[in-house]
Amino acid sequence: MRGPRTTTPTWKPASATPVQPSFLPYVAKHVANDSRVLDAGVGTGLVGVALARHGFDDLTGIDLSRGMLEKAAETGVYGELRQMTLGETLYFASDTFDMIACVGTLTEGHAPPSSLDELIRVTRPGGYIVFSIRPDVYTSLGFAEKIEALTTAGKWTLADSSDEVLVMPQGDSIATVRVWVYRVL
């Protein structure tokens with residue numbers, strides 16, 4: 001079992017896209033670079049590119065959209081890309097990944113709170129699920145209740161979280177997220 005990084009993180013938010021500066025320090029704090037990582041909701045692959053720049057080279061990505069997977073493939077950082085739907089069964093063995101990154105995906109019309117069950121299943125015990133979520137979505141779409149239920153059931157424990165972080169220049173509530181880090185038990 002791999003442990004957390006033992007070196008001081010040297011991540012530079014200026015090198016990332018808007019949501020990633022809030023996300024990357026939490027990855028650096030809790031996850032070793034040699035970890036097997038699932039980018040859940042890969043989109044165009046920006047999170048994978050940021051992770052690869054910081055030494056992560058065992059990256060797998062999933063997305064609902066074939067077009068997004070094609071864009072992500074153009075980055076050249078993923079060892080494997082698969083079309084899958086968050087909220088449905090993920091076609092990976094249990095305990096496959098050391099970390100799951102889910103940035104900008106747990107939101108209305110993308111991935112429901114039930115997605116968290118499968119993310120936990122495919123994360124090894126002691127591994128981490130790091131995700132961002134808008135505060136309004138957290139409270140209004142059932143994520144708060146689902147996260148509490150999973151915690152109460154002993155599926156995971158909170159390892160870290162951020163305050164609200166402005167990720168887009170608009171400055172309204174839609175442009176803020178919180179980053180959450182849970183350790184799978």
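The values are calculated or read from the model by the stated rules, or taken from the named source; none is laboratory data. The structure displayed is predicted, hence computed values, not measured ones. Methodologically, a virtual Cβ is constructed for each residue, glycine included, from the backbone with ideal geometry; neighbour enumeration extends over all protein chains shown.
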task = Filter region 60-82 for residues that are outside any helix (DSSP H, G or I), farther than 13 Å from C102 by Cα and in contact with a helix residue (DSSP H, G or I) (Cβ under 6 Å, 6 or more places away or on another chain) and give the result.
result = V77, Y78, L81
key: So A28, is it in a helix (DSSP H, G or I), modelled with pLDDT under 70 and not assigned by TED's automatic domain parsing to the domain that holds S161   = no
ask   = Which members of region 114-137 meet the condition of being more than 10 Å from the chain's Cα centre (by Cα) and not in a strand (DSSP E or B)?
value = S114, S115, L116, D117, E118, I120, R121, V122, R134, P135, D136, V137
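For every residue, the table says whether it meets (1) in contact with a helix residue (DSSP H, G or I) (Cβ under 9 Å, 6 or more places away or on another chain); (2) in contact (Cβ under 8 Å) with a residue 40 or more places away in the chain; (3) closer than 21 Å to G43 by Cα.
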| residue | (1), (2), (3) |
| --- | --- |
| I100 | yes, yes, yes |
| G109 | no, no, yes |
| I120 | yes, yes, yes |
| S132 | yes, yes, yes |
| S140 | no, no, no |
| A144 | yes, no, no |
| A153 | no, no, no |
| T176 | yes, yes, yes |
| V181 | yes, yes, yes |
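From the list T151, T157, which residue is at pLDDT 95 or above, of a type outside the set (A, V, I, L, M) and surrounded by 14 or more Cβ atoms within 10 Å (Cβ to Cβ)?
Checking each option against the conditions leaves just T151.
For region 103-124, how many residues meet the condition of being closer than 15 Å to V31 by Cβ and surrounded by fewer than 22 Cβ atoms within 10 Å (Cβ to Cβ)? Quick ask: steps written out before the conclusion?
Step one: of region 103-124, the residues closer than 15 Å to V31 by Cβ are 103, 119, 123-124.
After this cut, where a residue has to be surrounded by fewer than 22 Cβ atoms within 10 Å (Cβ to Cβ) as well, the list is 124.
So the count comes out to 1.
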query = Would you pick out the residues in region 136-148 that are exposed (fewer than 15 other Cβ atoms within 10 Å of the Cβ) and closer than 12 Å to V177 by Cβ?
reply = D136
message = Of the conditions (1) modelled with pLDDT under 95; (2) surrounded by 15 or more Cβ atoms within 10 Å (Cβ to Cβ); (3) closer than 26 Å to A93 by Cβ, D58 satisfies every one except a single condition; which number is it?
response = (1)
Filter pass, I100 being over 17 Å from L59 (Cα atoms) and either buried (at least 19 other Cβ atoms within 10 Å of the Cβ) or of a type in the set (K, R) (or both) = no
